[in-house]
Amino acid sequence: MKNEIALHHPDAQGLLMAHAVDACVHCGFCLPACPTYQVLGDEMDSPRGRIILMKEVLEGGLPLFEATPHLDRCLGCVGCVTACPSGVPYGELITSFRGWSEPQRSRPVIQRLTRAAVLTMLPRPALFRVGANVGRFAKPLAPLLPQALRAPLDLLPNTVQPAQPLPEFTPAQGVRRGRVSFLSGCAQQVLTPNFNAATVRVLSRNGVEVLIPPAQGCCGAAAMHTGARPLALEQAWRNLNAFAPDEVDAIVSNAAGCGAGLKEYPMLLAGEGAANEVRAETLAAKVRDISVYLAELSADGGLEPFMPTSRPIKVAYHDACHLAHAQGVKAEPRALIRSIPGVTLAEVRQGDLCCGSAGTYNIEQPDLANQLGDLKAKNVIATGADYVVSGNVGCHTQLQSHLARLGSPIKVLHTIELLDLAYRGEL
Amino acid sequence: MNIFGRGKTSGNTSRENRRPEKDGLMTDPRTHTRPSEGSAQMHPLATELTHALGSRKVLVSAGERRMYSYDAIQMGVVPVCVALPESTADVVLAVKAARAAGIPIVGRGAASGLSGGAAPTQPSLVLSFTRMTELSIDPVRREAHVQAGVITLAISEAARPHGLVYPPDPASFRTSTIGGNLAENAGGPMCFKYGVTGDYVKALEFVDADGEVHRLTRDAYDLAGLLIGSEGTLGLITEATLRLSTPAKFTRTLMSSFPTVGQAAEAVSSAIAAGAVPAKLEFMDQACVNAIEDYLHVGLPRDAGAMLLVDTDGDDLETVEEELALVEAACQSSGGTVRRAATDTEAASLWQARRSVSPALGRIRPQRMNEDIVVPRSVLSEVVREVEALGVASGLKLVQFGHIGDGNLHPNILFDPRTESEEAVHALAQQIASVAIRHGGVLSGEHGIGSMKLEFMAEAVDPVTLACLWDVKRALDPQERLNPGKVLPRPGEARHD
């Protein structure tokens, strides 16, 4: 689409946005792939509409406030990127746009406080653990609180599980086949500590040494996607300094959103100097989702055999948007699940559609998040599966909460937890 | 009548060297941007409609109105307000209010059209039908009852549990609405064997320019036929009763690659001459193949000069296989390499690839001018060769694909307006149109005329017929309030350079 964005914004981030808009031919193939268009049915809540809104704002033809209600409803699921034949990097466009527009916005006090609280606590497991414990006791008061405070409380677990600290180095069992650095994430250390423990166990069992660099921190995805660019940059610097991509076979993540976040560093650091851009590229090139790393290992000599399940088990696989759409990972987790003897894989209807979790979306757009969560839970229930597995902590929490609301007994696991249970003979 | 129907190749005028008007044909003309935007004052019609329909069904802000100014090819004029009717009664209210205010009305579905049909040419009320999505299937009568905003693919999805299917399959069928398909008389790959949208219409409901509701069947004067393909210029289609059919029991798919476009076209002519009636018969050249391959990575032959994608289907497996063998032999004798799809999944991914061609071309250049010519099958190979040669001679990026089975080709000129001359693009488009006309073809197969093909229409229709079309238009819309500036050029509007 013809645009004059580069004239108004000749910097690196501006050029990135201009190129994204250039690629759009406004064909509308993205419309059915967009969760908010599915729910709301209006053009301005579709990817095509949002691209044109951003273009108009960037060119000065439309005031920002006209566009923000619709841009804020975007989950950032990038389902539209998968559906786009002309290759529009929509994720880069909306992320850069949010980084550019956020400093110009005035948000209500309560929204600013919630945002600050989330972005301060999420990346700090120790602080988040305290917050979660306090929040747990505030839960019964939720009905009395305003919506802006109720939504974050909803997301907190009813019980906070004990921490499972992991060593900086875990040796490979048997013959050493690989050496990886592991991104241990932040919120999930508190919400779902078993994800990381299971990841390290499965890697080690398959002959992989696991390093957990202690200097690492939050990947910065939450900050990046909410427009807090300075914070995102600060977090990215920390990880660029903590990880040494040349010394390992891969930098492994077990959270779809975080893996995708690391892969977005080249975009985040665009315009921060050529040397830094190269560092970001080098790190991003080494990032693998745990399912992809295991699939590569499997292709290169196989995995340690799984114990057969005690009875036939049906497992539904839920595509996390930041795996399926942002990283293009769909086949690998499915292949791993199918390789467990006794497990059959079930597909979820409308599987390409986001579950409505999407980072801080639950907190900022609770109505839409709930509608999408409810739709997803119903589609999962319709599979008749015993378990539903996914590769992302946000989806995990959303699935748990909406399945529970509908009274479903389906258990929610991370893909790696399923593999771990299969190794332990506990399926 | 139906001079512009798919596969029809009736006579055309052969006046030469006419240059189409720029704004009518190009994507993204900058001439019509941002009128009346930024003004905080609501248009009186917006106030009136908000009162009549409720604010939930009316969009008034500058940003939201702008979202209803374009389709999949053309940026149009920002509407004065947008109504989102939920029933025929809402449409009636909106039409009457617009009539009283003297404001034109443009109907809009999902805006996936490729001729500018839903992009206003002047400040208008846009009626978006996306909330009119009631759909029911009558399996005994084999009918679907649909409101205008139903997504095309949803009809087949709802019919499938009853063992029924709705065959018309425009490439955008996951996005497009049935109202838009009816207004453009949309086609698709399946239409070669099974007919276009209009062939499935049993009855229509529409609201006329005065806000009166009409219910039409196909008997007596076929007024439903008149509304089909009228692009919202005669009335606003609100509901339809569609014929459903039973899906073929067996389908077989093959892909054939050829060194040159001419050989692919020869294979088509000889396969059909040999008696094969494929369900789908699609063509794309090397640039198209590579653009799709960049998107989907399905293993298409990047080195081939052209490829054909063919389905044969039917209830008798032996006949289906025989027809496929006929096509296969024709491809091989024209120098093609044939590969049969081994599984349904492989066939599905090949057809997804075909549906992605048009938007995937955005990967090559940011803008394009698309054509929609239909030529007799006997001259296909001459036409594709001549068009290819014109592209090479022009120095512009020209690609070809289309529903070659019924002679419907989409030459697309891809260009970057920052570095390439739009004059040259127009000149090439005109040369391609001349090739089609010289070979006894027509200029619009399935995309509709809209505003993009208005100039072509002026050339292709003789003055007597055009006067007759205007008589029809004036009988139903004397004030010219329904989608003005579309389909019909004014008499004498054709340019004589």
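None of the figures in this text is laboratory data; all of them are computed from the coordinates on show. The shown structure was predicted, so the numbers you read here are calculated from the model rather than taken from an experiment. Don't worry about glycine lacking a Cβ; one is built from the backbone with ideal geometry, like all the others, and counts go over all protein chains shown.
Brief remarks follow.
- Each pair of Cα atoms in the protein assembly as shown enters the Kirkwood radius, and Stokes-Einstein at 20 °C and 1.002 mPa s then converts it into a translational diffusion coefficient of 73 µm²/s.
- Estimated vicinal HN-Hα couplings, Hz - segment B:368-376 in sequence order (Karplus 6.51, -1.76, 1.60; Gly, Pro = x): 8, 10, 9, 10, 9, 6, 10, 10, x
- Cleavage-rule hits (trypsin sites (Lys or Arg not before Pro)) in segment B:331-427: DSSP loop, at most 16 neighbouring Cβ within 10 angstrom: B:ARG418
- Rounded to whole numbers, the Karplus 3J(HN,Hα) couplings from phi for segment A:110-116 are 5, 5, 5, 5, 4, 4, 4 Hz, using 6.51 cos²θ - 1.76 cosθ + 1.60 with θ = phi - 60°, and x at Gly and Pro.
- Whole-number percent relative contact order across chain B, with pairs defined as alpha carbons under 8 Å at least 6 apart: 19
- Hydrodynamic radius (Kirkwood) for segment A:169-297, which is based on Cα pairs only, to one decimal in Å: 14.8
- Three-way shape call for segment A:223-297 based on the alpha-carbon gyration tensor, with the a/c threshold at 1.5: oblate
- Computed per residue of the protein assembly as shown from DSSP H runs no shorter than four, each worth -39500 (n - 2.57), the mean residue ellipticity at 222 nm is -12000 deg cm²/dmol.
- In summary, the convex hull built on the alpha carbon positions of segment A:133-236 has an orientation-averaged projected area of 8.3 nm².
- Put the Cα centre of segment B:110-151 next to the Cα centre of segment A:1-39 and the gap is 26 Å.
- Point-charge dipole on Cβ atoms (K/R +1, D/E -1) for chain B, about Cα centre, debye to 20: 920
- Shape category assigned to segment B:135-243 from the gyration tensor of Cα positions, a/c cut at 1.5: prolate
- Residue-by-residue Karplus 3J(HN,Hα) for segment B:139-154, coefficients 6.51, -1.76, 1.60, Hz, glycine and proline x: x, 5, 7, 6, 10, 10, 9, 10, 8, 4, x, 5, 5, 3, 5, 4
- GNM top mover of A:PRO214, A:PRO140, A:PRO47 - chain A, alpha-carbon springs below 10 Å: A:PRO140
- With the gyration tensor restricted to C-alpha atoms of chain B, the semi-axes of the equivalent ellipsoid amount to 36, 27, 21 Å, longest first.
- Amide proton proximity set for B:ARG368, modelled H, under 5 Å, gap of 5+: B:THR27, B:PHE415
- Amide H contacts of B:GLY314 (H built 1.01 Å from N, under 5 Å, at least 5 apart or other chain): B:LYS249, B:PHE250
- Long-range HN-HN contacts of A:VAL287 with modeled amide H, under 5 Å: A:ILE251
- Of all DSSP bridge pairs formed entirely within chain A, close to 10 percent run antiparallel.
- Among A:LEU240, A:LEU15, A:LEU262: highest mean-square fluctuation, GNM of chain A, C-alpha pairs under 10 Å: A:LEU15
- Residues considered: A:SER184, A:SER204, A:SER390. Largest GNM mean-square fluctuation over chain A, using C-alpha springs under 10 Å, is found at A:SER204.
- Counting all C-alpha pairs of chain A, share separated by more than 34 Å (%): 29
- Cα centroid of segment A:265-293 to Cα centroid of segment B:174-217, whole Å: 50
- Reach of B:LYS473 by Cα under 30 Å, taken over lysines that are not fewer than 8 positions away in the same chain: B:LYS8, B:LYS22, B:LYS57, B:LYS96, B:LYS202, B:LYS453, B:LYS486
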